[in-house]
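These notes are about the structure you will find just below.
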Amino acid sequence: MKTFRVAIVKSFLVDIVAENEEKAKQYSEFFTGDVQDISSLRNRQIYDFEITNIECADNEAVNCEEKAGS
């Protein structure tokens with residue numbers, strides 16, 4: 001078997017309740033992982049937000065190279 005390094009670009013649609021648009025964008029970027037909310041209860045209490053849904057909108061492999069020595 002060979003080893004490959006694959007570059008993947010993912011886009012997500014995030015539904016979030018927040019104080020304003022800027023905070024919604026900031027919290028969506030910071031508190032999302034791979035299609036999951038990675039914020040803690042404490043994060044949500046301190047920053048006053050709630051992510052209600054995350055949907056993977058795009059998932060594309062954009063590059064694939066064989067790793068040397070594999």
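Basic side chains Lys and Arg get +1 at the Cβ, acidic Asp and Glu get -1 at the Cβ, and with that the dipole of the range 4-66 about its Cα centre reaches some 220 debye.
Going by C-beta contacts inside 10 Å, put T3, T32 in order with the fewest on the left.
On the way: T3 10, T32 17.
Neighbour counts put them in this order, fewest first: T3, T32.
Coupling constants for the range 9-16 follow from the phi torsions by the Karplus curve (6.51 cos²θ - 1.76 cosθ + 1.60, θ = phi - 60°), and in residue order they are 10, 10, 10, 10, 9, 10, 9, 9 Hz; glycine and proline get x.
Out of the trypsin sites (Lys or Arg not before Pro) in the range 28-70, which ones are loop residues according to DSSP with at most 16 other C-beta atoms within 10 Å?
On the way: sites: R42, R44, K67; in loops: K67.
Here the trypsin sites (Lys or Arg not before Pro) that fit, given the DSSP loop and packing criteria, are K67.
Can you give me the angle between helix 21-30 and the longest principal axis of the chain, using Cα atoms only, in degrees from 0 to 90, rounded to the nearest 10? So the helix axis and the longest Cα principal axis differ by about 40 degrees. Cβ-to-Cβ counts within 10 Å put V62, V35 in ascending order as V62, V35, the fewest first. Please enumerate, by chain and number, the aspartates and glutamates with C-alpha under 12 Å from the C-alpha of K25, excluding those fewer than 8 residues away in the same chain. Partners within reach: D15.
Stretched out fully, how many nm does the piece from F4 to N43 gain, at 0.36 nm a residue minus the Cα gap? Provide the component values of the computation, followed by the final result.
Working: separation 39, 0.36 × 39 = 14.04 nm, distance 3.67 nm.
In short, 10.4 nm is gained.
Counting only DSSP H runs of at least 4 residues, each contributing -39500 (n - 2.57), and dividing by the residue count of the chain, the helix-based mean residue ellipticity at 222 nm comes to -6500 deg cm²/dmol.
We did not get these values from a lab; they are worked out from the coordinates using the rules stated. Just so it is clear, the structure is predicted and the values come from calculations on it, not from any experiment. All Cβ positions, glycine included, derive from the backbone under ideal geometry; neighbour counts span all protein chains shown.
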